[in-house]
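The values are calculated or read from the model by the stated rules, or taken from the named source; none is laboratory data. Since the model is a prediction, treat every value here as computed from it, not as a measurement. All Cβ positions, glycine included, derive from the backbone under ideal geometry; neighbour counts span all protein chains shown. Keep in mind that these areas ignore ligands, DNA and RNA; they rest on the heavy atoms of the full protein, side chains included. Shrake-Rupley method; radii C 1.70, N 1.55, O 1.52, S 1.80 Å.
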Amino acid sequence: HCLAVRAVCQREIDCDRGSGYSWKITLLRNYWKSKVKQEWLSGKYSNIPSQFSLPEKSMYPMDVDTWGDILEAELER
C-alpha cells in the first residue's frame, strides 16, 4: 500500500519518512490524500460546472506544490 500511495504522493511520503514517521503512520497520513490527488490528476474533475458539483470527498488539504501539479495536468489536457 505504501508503494501505491508513494507513486502519487512521493514528495509527501519522502518528507514523512525523513521526519521519522513509521511506515504505518506515513500510510495513514497520506492514504486519502493520494486517492483525492490521483482523481484530480486523472482529470476526474476537469469539466465540473461549479464548486457545488464536486463530490463531497473531492477535497483534501494539500500543499501548494500538489495544487501546482494538478494545475499543470489541467493545462496539458
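Per-residue answers, yes or no, for (1) more than 11 Å from the chain's Cα centre (by Cα); (2) part of a helix (DSSP H, G or I); (3) on the phi < 0 side of the Ramachandran plot; (4) free of Cβ contacts under 8 Å to residues at least 40 places away in the same chain:
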site: ARG11; (1), (2), (3), (4): no, yes, yes, no
site: LEU28; (1), (2), (3), (4): yes, yes, yes, yes
site: SER34; (1), (2), (3), (4): no, yes, yes, yes
site: ASP69; (1), (2), (3), (4): no, yes, yes, yes
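Answer yes or no as to whether TYR45 is in contact with a Lys or Arg (Cβ under 8 Å, 6 or more places away or on another chain) and in a loop (DSSP other than H, G, I, E, B). Reasoning before the result, please.
Numbers: in contact with a Lys or Arg (Cβ under 8 Å, 6 or more places away or on another chain): no; in a loop (DSSP other than H, G, I, E, B): yes.
Spelling it out, it is not the case that TYR45 is in contact with a Lys or Arg (Cβ under 8 Å, 6 or more places away or on another chain) and in a loop (DSSP other than H, G, I, E, B).
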- When residues of the stretch 43-77 are limited to those that are aliphatic (A, V, I, L, M) and under 15 Å from LYS33 (Cβ atoms), the one least open to solvent (accessible area, probe 1.4 Å): ILE70
- Message: Considering only residues that are among the charged types (D, E, K, R) and open to solvent by 70 Å² or more (accessible area, probe 1.4 Å), which ones fall in the stretch 15-31?
- Response: ARG17, LYS24, ARG29
